[in-house]
Every structure is written in C-alpha cells, then in structure tokens.
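Single-structure report; data block below.
The values are calculated or read from the model by the stated rules, or taken from the named source; none is laboratory data. For clarity, every value in this text was computed on a predicted model and none was experimentally measured. Positions of Cβ are backbone-derived with ideal geometry, glycine not excepted, and every protein chain shown enters the neighbour counts. Note: accessible area is taken over every heavy atom of the protein model, side chains too, but ligands, DNA and RNA are not part of it. Shrake-Rupley method; radii C 1.70, N 1.55, O 1.52, S 1.80 Å.
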Amino acid sequence: MSERKVLNKYFPPDFDPDLIPRRKGPKNSQQVVRLMAPFSMRCNTCGEYIYKGKKFNARKETVDGEDYYGIKIFRFYIKCTLCSAEITFKTDPKNTDYAAEHGASRNFEPWRDEQAVQEEDRLAKLEEEENNPMKALENRTTDSKREMDILDALQDIRARNARNERVGNTVDLLDRIGLEEIESAEDLERKKLEDEDEKLVRAVFSKVSMPGSSTDSTPENVITVKRKADDIEPDVHSLLPDSARALISTKTSSVKKAKKNTLGIKVVKKVKT
C-alpha cells in the first residue's frame, strides 16, 4: 500500500531547473503574516487601547532606503479593532524593539533618553514660570531647600567618613601594639625553650676519662661525649686526634711489656727462612 502523503517527488533524469519559468512580481511586494502586537498602543483615530499580545493578520514589507548597519527594517500594517483605521509600526534594531510609526501612539517608550525628558521638563517649567511669577518664586524656594538638604547630607557623609577613618587608625594602632606584644611574648618563649634545650644538652653530656690517666683529673685529660638513648655509644679512640691515639698506643704497649716481664714469660720470635 502506497503512502497517502508523499514527501519525496520524482525528478526525471532529464530534469533541468533552469527551464522552469520565473514568476515576475513587484520588487517590494507585501506579504500577509500572522503576528501579535509588540507593545501596547492607543489608536489616534478612535482612542481605542490595543494591548500587547493582540493577534492580527498584518501585511509586511521591507522599508526602502532605511537600514541599521546593514540590517533590514520591516514595516507592518494592521487595523484598529474598533474603527479599522490603518496602523503601521516598524522594527527598531538599534534598540532591539519596535517603533510606532503612524495611526497609533505607544503608551510607554523605554528607549527615551532621560536627558531628553529632563530637558522637556525644564522647558515646560521655564514656560510656566514666565506666565506665573508666584510659581517661579515657589520653584526657587523649592530648589534652594533641595540644595540645603543635599549639602547637609554631604556634610553628614563627610563626618561619617572622617569618624570611620579615625576608628580605623585607632584599630590599626591597637593591632600593631598587640602584634608587638605577641612578638615579645614569642621571643621570651623562644628564649625559654632555648634555655631548656641547653640544660637538657648539658644533662645528656657526660664526662669520660682517658685511658691510662685514672688518677689525673685535669681538664686536658677529660673527654666530653654526647650519649644518646637510642644509639650505640661511640668508641673513645675514634673521638681522639691522631697524636693522642699514637700516645695512647705507646703507653698501652709499655704497660703490656711490663706485665709480661713480671710474670717471667719469655717471648720467642720466629724468623721465617
């Protein structure tokens, strides 16, 4: 069973798209599109309000001679819902919005510059003052009062900043004093620990007398050896210089010879032939 809705069309092998005749139409033809009102507006003919989001069948065309950095601007034609008067608006790429053009006025224009609004208010104020001297006097009184309030607020801000600065300097000074006290306490603690370490070193060190000089207890014949609880005690001879080692070896050899002579043991040296 073949499909009811065929999406792919058959093109014969000898099909040439250039042979299809082109449709001739106007250069800037209008298209009918379905859209919603991009902003709330009021009809200038009957005063009807058209809210934002109202759906219309509009005609769309490209604006000739207008663009924004190469971006095309489009114009839309709609009709008022009450009097069927024609209303036109177009795109505004500069402000990323739409601008009312003819037949209706926008209720709120967010891109209006504040300076322009202030300038309009100032001009209206001047015109009113020219026609009404009492109003000019009231405006001058209001302006002077506003200036005094601004100066008072500025003085309060300056006084508050000066007070905060003084408080900050006092806090910094106290912090500096506290740091100095902490450093002095740390120095005392460090010195105390060094004294304890020195006492411990003195307690660990012991005095070992040199061999052959048991009766002599002069400082020259005394060797100081550092003992460790978890280490093997070093040999005394390994701690002596070479001259002391030679002297000790001669003394020990003379003592051994004297002992052998007293016991009457003769030592015969064999000579190898």
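Values for this structure:
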read-out	value
Meets criteria (exposed (fewer than 12 other Cβ atoms within 10 Å of the Cβ) and out of contact with any Lys or Arg (no Cβ under 6 Å at 6 or more places or on another chain)) for Ile87	no
Some residue of the stretch 18-35 being open to solvent by less than 60 Å² (accessible area, probe 1.4 Å), part of a strand (DSSP E or B) and not small (Gly, Ala, Ser)	yes
Leading residue by the ranking (nearest to Phe39 (Cα to Cα)) among those in the stretch 54-80 that are free of Cβ contacts under 8 Å to residues at least 24 places away in the same chain and surrounded by 14 or more Cβ atoms within 10 Å (Cβ to Cβ)	Phe56
Contacts under 7 angstrom Cβ, first residue in the stretch 81-109 being at pLDDT below 90, partner part of a strand (DSSP E or B) and among the aromatic types (Phe, Trp, Tyr), 6 or more apart	Lys94/Tyr68
Scan of the stretch 118-140 for residues that are open to solvent by 80 Å² or more (accessible area, probe 1.4 Å) and more than 46 Å from the chain's Cα centre (by Cα), ordered by number	Leu123, Glu127, Glu128, Glu130, Asn131, Pro133, Met134, Leu137, Glu138, Arg140
Residue list for the stretch 5-50, filter: among the hydroxyl-bearing types (Ser, Thr, Tyr) and within 18 Å of Ala99 (Cβ to Cβ)	Ser40
Condition check for Phe39: hydrophobic (A, V, I, L, M, F, W, C), in a loop (DSSP other than H, G, I, E, B), closer than 30 Å to Ser105 by Cα and open to solvent by less than 40 Å² (accessible area, probe 1.4 Å)	yes
Qualifying residue in the stretch 21-30 (condition: out of contact with any Leu (no Cβ under 9 Å at 6 or more places or on another chain) and within 30 Å of Asn107 (Cβ to Cβ))	yes
